[in-house]
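What follows is a set of notes on a single structure, which appears directly below.
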Amino acid sequence: MHHSGYHQHHDDHHHNHDGHHDHEHTHGKDNGNLDHHHGGGHDDLLPGIGEAAAFVRYMVEHNAHHAEELENLAHSLEHLQRSQEAEDIRRCLKDFKKADEHLQDVLNRLV
């Protein structure tokens, strides 16, 4: 289901559906530093299985939206006479959906 216009997810991930994305990704308190250290501090740990399941459910739903956007991108690329790139996007999309199936399997075991 495609929505035109602009909307905002509650994770500061913005979409305006004109082909442009604004991503504001942060990883913990280090403002995006991908060098994660897991010794000693556990501030980012979820307090229980219910919260872990809720997060996995959120990721599955969030990823479904991105899968839709990737399919729209592939369709656009076809119309722009870039069929090889569209095929590559769809190949990535298959892997993306496979990862979501694994997430769904984890969710099923958590609930």
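Values computed for the structure shown
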| item | result |
| --- | --- |
| Residue under evaluation ILE89, criteria (1) at pLDDT below 95; (2) open to solvent by less than 60 Å² (accessible area, probe 1.4 Å), criterion not met | (1) |
| Out of ALA86, ALA74, sole residue that is in contact with a Lys or Arg (Cβ under 6 Å, 6 or more places away or on another chain) and part of a helix (DSSP H, G or I) | ALA74 |
| Candidates GLU78, GLU61, filtered to the one that is at pLDDT 95 or above and open to solvent by 50 Å² or more (accessible area, probe 1.4 Å) | GLU78 |
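The values are calculated or read from the model by the stated rules, or taken from the named source; none is laboratory data. Everything numeric here is computed off the predicted structure, so don't read it as measured data. For neighbour counting, all protein chains shown are included, and Cβ atoms are generated from backbone atoms with ideal geometry for every residue, glycine included. When the accessible area is computed, the model is the full protein with side chains, heavy atoms only, and any ligands, DNA or RNA have been set aside. Shrake-Rupley method; radii C 1.70, N 1.55, O 1.52, S 1.80 Å.
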